[in-house]
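Nothing in this text is a laboratory measurement; each read-out follows from the coordinates by a stated rule. On a predicted model such as this, the values are computed, not experimentally measured, just so you know. Note that each Cβ is placed from the backbone with ideal geometry, even for glycine, and that neighbours are counted across all protein chains shown.
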Amino acid sequence: MSVTAELPTTTLSELPVAPPAYDVKDLSLADAGKRRIEWAEREMPVLRSIRERFEKEKPLEGLTAVACLHVTAETANLMRTLKAGGMKVVLCASNPLSTQDDVAAALVQHYGVATFAIKGEDNDTYYQHILSALEHKPNFTMDDGADTVGIIHTEKRELIENIIGGTEETTTGVIRLRAMAKDGVLAYPIVAVNDAQTKHFFDNRYGTGQSTIDGIIRATNVLLAGKFFVVAGYGWCGKGLAMRAKGMGAQVIVTEIDPLRALEATMDGFHVMPMAQAAKVGDFFCTVTGDKDVIRGEHFAAMKDGAIVSNAGHFNVEIDIPSLAKIATGEPREVRDFVDEYVLADGRKIFILGEGRLINLTSAEGHPASVMDMSFANQALSAEYMNLNAKTLEKNVYGVPQEIDTEIARLKLLSLGVGIDTLTEEQERYLASWQEGT
Ligand code: ADE
């Protein structure tokens, strides 16, 4: 059931005065979603401490944000933090398959966040949801994949004059936004949250590593130990995935186009070879490159019977599924949830997971809360930073200020009970000098 209506008039304090419209699957899931959000919050102490400060200081008062993010329990905790800071937030999904419907319901029912997201929505509904969110006339955007920025810059240009800035969560989105800035078409400043060290060192590496393996296992329940696992791309996400696949006992093969990364993967102990070669050997394939057509017709044609192919990159363009459909006989058959079987003319079967959409959010629950804690702390503090500096920021892509990054690392260590040393005065002097030698 999908409902588009006014928010329920409950007594909950977090509901806004003027109820916005929403579109979620089923409001009766709201209590289950709230429990899930509270469970995630236990692992998000940095974000919680920011929320507590925001509640007192209200640094985001006057801002209306459209957030186009994966609608998960972790995102819900970010929404609560932004609201505590005085921001009005409207949320839509950044992927048609990543929404947790119970969380979406809880956001509407228990936290008063206008939410437009239904797991499994078709492409038209996906874009309609972004447009519905934009009806709220944001002066701030928060993206995971730059879809909102893209729509604003093409179809909704009238919104631009009202917008002070935005943030971007993911590598793919940052690449697009930098291309826009380079071409001189970016119309407002963006902070690239992805580029913070407390984001990509942890979320991209440990988050993608664990959650992608989780997604593949939940979808297939196939043993990884002893199998050949092909990781396409050795960026931060690829590094995390290769590390965790190895930890599960798989023999890991990395494919790359960058000589430095290929060298790094080799010295990290992985087999490195072109996809044309890996295609013949792999039992599992997972793309994490950010580019399109990484696994194509000629690769599918070479694969072994039973090969399991998935993607953990942002967009569903990394696996060229139409080229597989072309060499397959008949229609694909859904043999399990999120597993489509394609049969080749000689009888070989190839399995595509989650329609080639990012598997960690399609069949699993995305990155664990403990890493999203830092990613979303960066989002919250970057929004505060942009609001404070709106007048001086230009139409460009900015990194997260180093002080914010360092503060998040400090708070995370504190929450983990990990202590570190400090430099003595003598050591500080030594580091600042050049005269002292052997
Ligand atoms: N991206 C990857 N994992 C995520 C999660 N758990 N919540 C929101 N965005 C994500």
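For the range 330-438, trypsin sites (Lys or Arg not before Pro) are listed when DSSP marks them as loop and at most 15 other Cβ atoms sit within 10 Å of their Cβ; the list is 391, 395. Amide H contacts under 5 Å for residue 165: 141, restricted to partners 5 or more places along the chain or on a different chain, H placed in the peptide plane at 1.01 Å from N. Scanning residues 5 or more positions from residue 22 or on other chains, those with amide H under 5 Å from its amide H are 5, with H placed 1.01 Å from N in the peptide plane. The calculated FRET efficiency for the pair residue 336 and residue 315, based on their C-beta separation and a Förster distance of 22 Å, comes to about 0.40. Per-residue Karplus couplings for the range 421-438, computed as 6.51 cos²θ - 1.76 cosθ + 1.60 with θ equal to phi - 60°, are listed in order as 7, 10, 5, 6, 4, 4, 5, 4, 4, 4, 5, 8, 10, 10, 6, 6, x, 5 Hz, Gly and Pro entered as x.
Dipole orientation for the chain: of the candidates 163, 248, 417, 248 has the Cα lying most toward the positive pole (charges on Cβ; Lys, Arg +1; Asp, Glu -1). Toward the positive end of the charge dipole of the range 169-237, with +1 on the Cβ of Lys and Arg and -1 on the Cβ of Asp and Glu, the farthest Cα among 194, 223, 174 is that of 223. Coupling constants for the range 67-82 follow from the phi torsions by the Karplus curve (6.51 cos²θ - 1.76 cosθ + 1.60, θ = phi - 60°), and in residue order they are 9, 10, 10, 5, 8, 10, 4, 5, 4, 4, 5, 5, 4, 4, 5, 5 Hz; glycine and proline get x. Straight-line cross-link reach from residue 182 at under 19 Å between alpha-carbon atoms covers these lysines, not counting any fewer than eight positions away in the same chain: 395. Evaluating 6.51 cos²θ - 1.76 cosθ + 1.60 at θ = phi - 60° for every residue in the range 388-401, the Karplus couplings come out as 5, 10, 3, 6, 9, 6, 9, 7, 8, 9, 10, x, 6, x Hz, glycine and proline recorded as x. Straight Cα distances below 16 angstrom link residue 412 to the lysines 199, with same-chain residues fewer than 8 positions distant left out.
Modelled this way, with points 7 Å down the Cα-to-C-beta line, the labels at residue 349 and residue 123 are 2.9 nm from one another.
Annotation: amide H-H contacts under 5 Å for residue 272 (H modelled 1.01 Å from N, sequence separation of 5 or more, or interchain): 254. Panel order for 212, 171, by other beta carbons found within 10 Å of each beta carbon, from fewest to most: 171, 212.
Here's the picture: a label point sits 7 Å out from the Cα of residue 327 along the beta-carbon direction, and within the range 277-303 the residues with their amide nitrogen under 13 Å of it are 277-281, 295-303.
For the chain, modelled as a GNM whose springs connect Cα atoms under 10 angstrom apart, the maximal fluctuation among 123, 139, 316 occurs at 123.
The lysines whose alpha-carbon is closer than 20 Å to the alpha-carbon of residue 326, local same-chain residues fewer than 8 away aside, are 280, 292, 304, 349. Dividing the alpha-carbon radius of gyration of the chain by the rule-of-thumb value 2.2 N^0.38 Å gives 1.02.
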